[in-house]
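Working notes, beginning with the structure itself.
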Amino acid sequence: MNSRSIVLTRVLFVLFLGTSMNTLAQQGHTLRGKVRNAGGANISNATVILEKNGAMVDQTVTNNEGDFLFYGLTDTSYEVVVSLPQYNPVRETVLFVRSVGPNDPGESRTVEITLTRKEGIRPPRAGLNFVQEVPKAARDAFESGSRFARERRRDEAIAAFENAIRIFPDYYDARLVLANELAAEGRYGDAITHLDRARSVNSKDDRVYDLFARILMQQGKYAVAARIYGEAARLNPTEPQYLVTQGTAFIEQASLIDPSKSQAAADERQYALDEAEKALKLAQQRGPAKAAEIHRQLARLYERKGDRPRAASELEQYLKANPGDPNAAAIRDAIKKLRASRTEP
C-alpha cells in the first residue's frame, strides 16, 4: 500500500469513527461522570456501577482522567455507585425527564463525584479501658508504624506493625491498626485475620466490629455486615452511626433480592427492609447527629417498599437537614415524580 492510500485509509477511519460516535451519542440517554478525591485530583480505576431499582444495569471503571460513560439508557431514573477500596463509596441519583427507546435521541447528564478516604480507627469510647503489658521493642515498632501511617507511608507502616506483632503476638492495638491499613490496600482477607485475633484478645471494643463490618460492606456481604453492625451498636449504644450503617446494609441486601423468584425470596427481602426501618428509626431516636443521612436512607427504604409518598416526605426532610446538597434540584425533581406516582401494593 502506498503512502497516499495509507493517508486516505486513516482519513476514512477517522471519519467513520466520528460518525459512529455521533450515532452512538444519539442512541438513548447518555450519562457522563468525573470522579475526584477531596483534593480535586482525578481518580482512575474506580468501580462505577449503574443501578435501576436496586439492580445492576451496567458497570465500568474510570479512566486515567477520572471519567466514565454510560450510553443507550432508556429509563428516567438511575443510581450511580462509585467505589474504591480505600475510599467511602458514593451513591448518586441521576434523573432524566422522559423515557426513550434504545434508538431514540435522548438526553445527556453529567455528574461530578468526590470520594473521601475512609475514616481511620475511631478513638476508644468513653469508659473503655483495656491495658496491656507490651514489651518496649513492640511499643517502639508500633510507634514507628503510627508515624509512617500519619505520613501516608503505608508499606513501611504495615511492616512496622507486623514487626510489633512478631514481638508481641497479642498486641491488640497493633492488630487493629494493621487491619485498617491492610483494608485500605484491599487486602481484606489479611485484615479480617488480624481483626479476628484482636477480637479474641479484647471482645468488648466496638471498633473491631465497625472495621470488620466496613470490610464486609466493601465485599458486598451486606447481610453479615448488618449483623456485625448490630453487635457494634450493642457494645456502644451511644454511637448512632452504627445503626445508620446497619440500616443501609439491610437496604443493600434487599436490593440484591428478586422477590418475584419465590415466596421465600419475597419474605427475605421484606425482612431485610423491615430490619432496616427498625435500625434507622432507632438511630433517629438517639439524636439529630445523623438526621440528614437517616432521612436519605429512609427515602431509599420506602421507595423499595413501594411507598412513594413516604419516600418523597423523607427526601423533603433530607433537604431541610442538608439544604446545601449540590444535587438539590435533582432531588426536588425526584420528589415531584414520587408525589405524582401512585403507591404500589
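The values are calculated or read from the model by the stated rules, or taken from the named source; none is laboratory data. Treat the numbers as computed from the prediction; the structure is a model and nothing was measured. Don't worry about glycine lacking a Cβ; one is built from the backbone with ideal geometry, like all the others, and counts go over all protein chains shown. Side chains included, ligands, DNA and RNA excluded: accessible areas come from the protein's heavy atoms. Shrake-Rupley method; radii C 1.70, N 1.55, O 1.52, S 1.80 Å.
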Just grab the label-to-label distance for A329 and K34, each label 7 Å out from Cα along the Cβ direction, in nm (one decimal).
-> 1.7 nm
What's the carbon and sulfur percent of the chain's accessible surface, probe 1.4 angstrom, rounded to a whole number?
-> 51 percent
Taking N as its residue count, the alpha carbon Rg of region 197-345 over 2.2 N^0.38 Å | 1.12
Mean residue ellipticity at 222 nm from the helices of the chain, using -39,500 (n - 2.57) per DSSP H segment of n ≥ 4 over the full residue count, to the nearest 500 deg cm²/dmol?
-> -18000 deg cm²/dmol
Only Lys, Arg (+1) and Asp, Glu (-1) charged, at Cβ; region 139-209 dipole about Cα centre in debye = 80 debye
Toward the positive end of the charge dipole of region 275-345, about the Cα centre and with charges on Cβ (Lys, Arg +1; Asp, Glu -1), which of Q297, S313, A276 goes farthest?
-> S313
Y188 accessible area, 1.4 Å probe, all protein chains in place, Å² to nearest 10 = 40 Å²
Highest GNM mean-square fluctuation among R150, R139, R197, for the chain with Cα springs under 10 Å, belongs to R150
Candidates R214, R32, R304: whichever shows maximal mean-square fluctuation once the chain is modelled as a Gaussian network with Cα springs under 10 Å = R32
Per residue, the convex hull enclosing the Cα atoms of the chain spans a volume in Å³ of 192 Å³
Compute the long axis of helix 291-305 from its Cα atoms, compare it with the longest principal axis of the Cα atoms of the chain, and write down the angle in degrees, 0 to 90, nearest 10.
-> 60 degrees
With springs only between Cα atoms under 10 Å apart, run a GNM on the chain and tell me which of P135, P259, P237 wobbles the most.
-> P135
For the pair A264 and S108, how long in nm is the line joining their label points, each one 7 Å along Cα→Cβ?
-> 4.9 nm
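Treating only the Cβ of Lys, Arg, Asp and Glu as charged (+1, +1, -1, -1), what charge dipole size does the chain show about its Cα centre? Round to the nearest 20 debye. Working shown, then result.
Working: 49 positive and 44 negative charges, 95 e Å.
In debye, rounded to 20, the chain gives about 460.
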